[in-house]
Structures are given as structure tokens and as C-alpha cells.
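Structure first, commentary second.
What follows draws every value from the coordinates through simple rules; no lab data is involved. Remember, predicted model here, so these are calculated numbers, not experimental data. Every residue, glycine as well, gets a Cβ built from its backbone with ideal geometry; the counts of neighbours run over all protein chains shown.
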Amino acid sequence: MLYHLLPVVFWLLAIGGSVLPFIWLPAEYAYGFIPAVLVLIVAMLLRHIPRHTTSEVQCFQSALLLGIASYWLPTVVFLTLPVWVYLVFRSLFDFRSLCATLIGYATVAAWAAAAIYLHWLPYVWTDFWSKENAYGWIPTGAFLIAYIASTIARQNLRAR
């Protein structure tokens, strides 16, 4: 399922980053849409884990996507904790899932360090708790809340 959405992610990473500042939105707010899409892909990925299976692959993929999203919105890494709580709630979390998550973040960190060293990505140092991060959470949080609310509504309608 995730593989069907990869062209959208690559478009957002390649073209979307250069197009977004020219939209009518402020740049800080507009750059929140890229992490919003990546966070929604993570939510859909975690929602479709079959019961009585392991979650190492999904933990690695979610850490990879959240690590990529942290380039635009660094505080998105804190979404790892609700992901782990959700997996514990569904009895899918174990030590291997924890290691897979850490390996996913380490993969993104290694690729980002190499890309910055080779000048493929600009090195932009922003304050972790800056106001720009707050603007980026507006679309990300709105999309995430809408996804959670629609999931709850679907579960309630299915129960009736």
C-alpha cells in the first residue's frame, strides 16, 4: 500500500519544495503540507497492520517517513511516542519494533548527513522550538486530527 504513494512523496520532495513558497500562504505554513502528507501516510500504514503479526517493517517505514518529514518540521519526531503507544495498545510492539524504529531514524540521519556534506541539501539550522515549527503544525495537526476523527466515526458506524 505504501508503495503506491511513493510517487506522490517523491513529487513533494523534488518539485513541491520549490513550488510551495510561491503559493499565497506564508512559507512557514506552506512547508507544513509536506510533513502532513508524510504523517498521513504513516497513519494509514499503521492502521493496516494485520492482527497477530509483527510490526518491524511498519515501524521502520514510519520512522523513515517521519525522519524525512522532520527536515521541514523537526518536532514531528515526537509522533514516534504515540505510534509506540498505539502499537502497545494493539499488542504489536516489542524490542524488535523499537530497534526497527531506531534503525529507520539512523538511516535518514546518515542519508541527510551525506546529502548535506555533498551539498545536495542545504544545511539549515533552525531552532527546534521556533515559531516556524508552530506554523508547520497547523496543516499537519489538522490533517492528523481529521484522519483520527474519520477513523473513529467509521468504527462507530461499523459497530452499529
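Assorted remarks:
- Highest-first arrangement of 106-119, 41-54, 62-75, where packing means the average Cβ count within 10 Å: 62-75, 41-54, 106-119
- With an a/c value of 1.5 or above and a/b larger than b/c for the gyration tensor axes a ≥ b ≥ c computed over the alpha-carbon atoms, the stretch 40-104 is described as prolate.
- The stretch 58-99 versus the stretch 135-160: alpha-carbon centroid distance in Å: 18 Å
- Theoretical gain in end-to-end length, LEU102 to ILE145 [0.36 nm per residue, Cα-Cα removed]: 12.9 nm
- The length gained on full extension between ARG158 and ARG47, counted as 0.36 nm times the residue separation minus their Cα-Cα distance, comes to 38.4 nm.
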